[in-house]
Amino acid sequence: MLVTPHNWAAEQMQVVIDTRNDLVHRNGITPNHVEVQIWPNRVKDTIRIIFDFIDTAAATLLQEDARYRTDNDTF
């Protein structure tokens, strides 16, 4: 329960989650019986989506931490 307002765009992570589930739980086949294709651009896009999510979440958590910090220590 964060006090700091946040917008982490978790809906973008759904594509990554779905692909992971297709690979891990269905041996690379989607629920529609289509083989998952992993291309370099798709990997690059996935890394960007994950990086952006983590970067945004980290910024929010650092802001949240700063609200309760009474010293000059860093997170």
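Within segment 10-48, count every residue that is assigned to a helix (DSSP H, G or I) and either exposed (fewer than 11 other Cβ atoms within 10 Å of the Cβ) or within 14 Å of the chain's Cα centre (by Cα) (or both). First the steps, then the outcome.
Narrowing segment 10-48 to residues assigned to a helix (DSSP H, G or I): 10-25, 40-48.
When the remaining residues are screened for being either exposed (fewer than 11 other Cβ atoms within 10 Å of the Cβ) or within 14 Å of the chain's Cα centre (by Cα) (or both), the result is 10-20, 24-25, 40-41, 43-48.
Matching residues across segment 10-48 total 21.
Take ASN72 and tell me if it is modelled with pLDDT under 95, among the polar types (S, T, N, Q), within 17 Å of the chain's Cα centre (by Cα) and open to solvent by 80 Å² or more (accessible area, probe 1.4 Å). Walk me through it before giving the result.
Details: modelled with pLDDT under 95: yes; among the polar types (S, T, N, Q): yes; within 17 Å of the chain's Cα centre (by Cα): no; open to solvent by 80 Å² or more (accessible area, probe 1.4 Å): yes.
It is false that ASN72 is modelled with pLDDT under 95, among the polar types (S, T, N, Q), within 17 Å of the chain's Cα centre (by Cα) and open to solvent by 80 Å² or more (accessible area, probe 1.4 Å).
Kindly evaluate ALA66 against the criterion of being closer than 23 Å to MET1 by Cβ, among the small types (Gly, Ala, Ser), in a helix (DSSP H, G or I) and over 14 Å from the mean Cα position of the chain (by Cα). It would help to see each step written out before you state the result.
Numbers: closer than 23 Å to MET1 by Cβ: yes; among the small types (Gly, Ala, Ser): yes; in a helix (DSSP H, G or I): yes; over 14 Å from the mean Cα position of the chain (by Cα): yes.
It is true that ALA66 is closer than 23 Å to MET1 by Cβ, among the small types (Gly, Ala, Ser), in a helix (DSSP H, G or I) and over 14 Å from the mean Cα position of the chain (by Cα).
Output the qualifying pairs, or none if there are none: Cβ atoms under 9 angstrom, residues six or more apart or on different chains, first residue in segment 44-64 and free of Cβ contacts under 8 Å to residues at least 40 places away in the same chain and closer than 17 Å to ILE17 by Cβ, second residue outside any helix (DSSP H, G or I) and open to solvent by less than 50 Å² (accessible area, probe 1.4 Å).
Cβ pairs passing all conditions: ILE49/ALA9.
The values are calculated or read from the model by the stated rules, or taken from the named source; none is laboratory data. Note that the coordinates shown come from a computational prediction; the quantities given were computed from them, not determined experimentally. Virtual Cβ from ideal backbone geometry, glycine too; neighbours counted across all protein chains shown. Ligands, DNA and RNA are stripped out before the accessible areas are found, and what is left, the full protein with its side chains, is counted by its heavy atoms. Shrake-Rupley method; radii C 1.70, N 1.55, O 1.52, S 1.80 Å.
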